[in-house]
Amino acid sequence: MNVWKPVSEEPLTLEEFEKIDVEPILFNVTKPKRVKTKSLDDPVNNPAHYTVGGIETIDYIKAKLTPEEFVGYLKGNVIKYTSRAGKKQDTIQDLEKAQWYMNRQIKELKGEAK
């Protein structure tokens, strides 16, 4: 016996719930694909404050610059982070950021960037 009550009524008692005749429902379940995700706040690869407004800052900058200007921007950030390493924040973090910008510059020059 199927017993259905509108949401606005009281919830079913345990006895009423046990009387419900539910036919099994089969779902076509596929194994989920592994998706590479970024940490919500990875200070090197994905700083949370860089995505405020729905677009990552570097993507916006790239959209506004010519390819040559963008590579120069990346180069400037490599210089900035290596020059200030250990003076403002964690030395390792600054060097990792410099490395991130250098890796991005290489991808841009090889035409492998997103």
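Read through the list (1) modelled with pLDDT under 90; (2) closer than 21 Å to Ile106 by Cα; (3) touching a helix residue (DSSP H, G or I) at 6+ places or on another chain (Cβ under 6 Å), then give the number of the only condition that Asn77 fails. In the conditions (1) modelled with pLDDT under 90; (2) closer than 21 Å to Ile106 by Cα; (3) touching a helix residue (DSSP H, G or I) at 6+ places or on another chain (Cβ under 6 Å), Asn77 misses (1) alone. If the condition is being out of contact with any Lys or Arg (no Cβ under 6 Å at 6 or more places or on another chain) and among the aliphatic types (A, V, I, L, M), then region 63-114 contributes Ala63, Leu65, Val71, Val78, Ile79, Ala85, Ile92, Leu95, Ala98, Met102, Ile106, Leu109.
Can you tell me which residues in region 56-114 are assigned to a loop (DSSP other than H, G, I, E, B), among the charged types (D, E, K, R) and either under 20 Å from Pro43 (Cα atoms) or more than 21 Å from the chain's Cα centre (by Cα) (or both)? Before the answer, list the steps.
So in region 56-114, the residues assigned to a loop (DSSP other than H, G, I, E, B) come out as 56, 65-66, 85-90, 111-114.
Then drop every residue that is not among the charged types (D, E, K, R), which leaves 56, 87-88, 90, 112, 114.
Answer for region 56-114, where residues must be assigned to a loop (DSSP other than H, G, I, E, B), among the charged types (D, E, K, R) and either under 20 Å from Pro43 (Cα atoms) or more than 21 Å from the chain's Cα centre (by Cα) (or both): Glu56, Lys87, Lys88, Asp90.
Inside region 52-74, can you point out the residues that are of a type outside the set (D, E, K, R), in contact with a helix residue (DSSP H, G or I) (Cβ under 6 Å, 6 or more places away or on another chain) and at pLDDT below 90? The answer is Thr57, and nothing else.
The values are calculated or read from the model by the stated rules, or taken from the named source; none is laboratory data. What you see is a predicted model; the values in this text were computed from it and never measured. For neighbour counting, all protein chains shown are included, and Cβ atoms are generated from backbone atoms with ideal geometry for every residue, glycine included.
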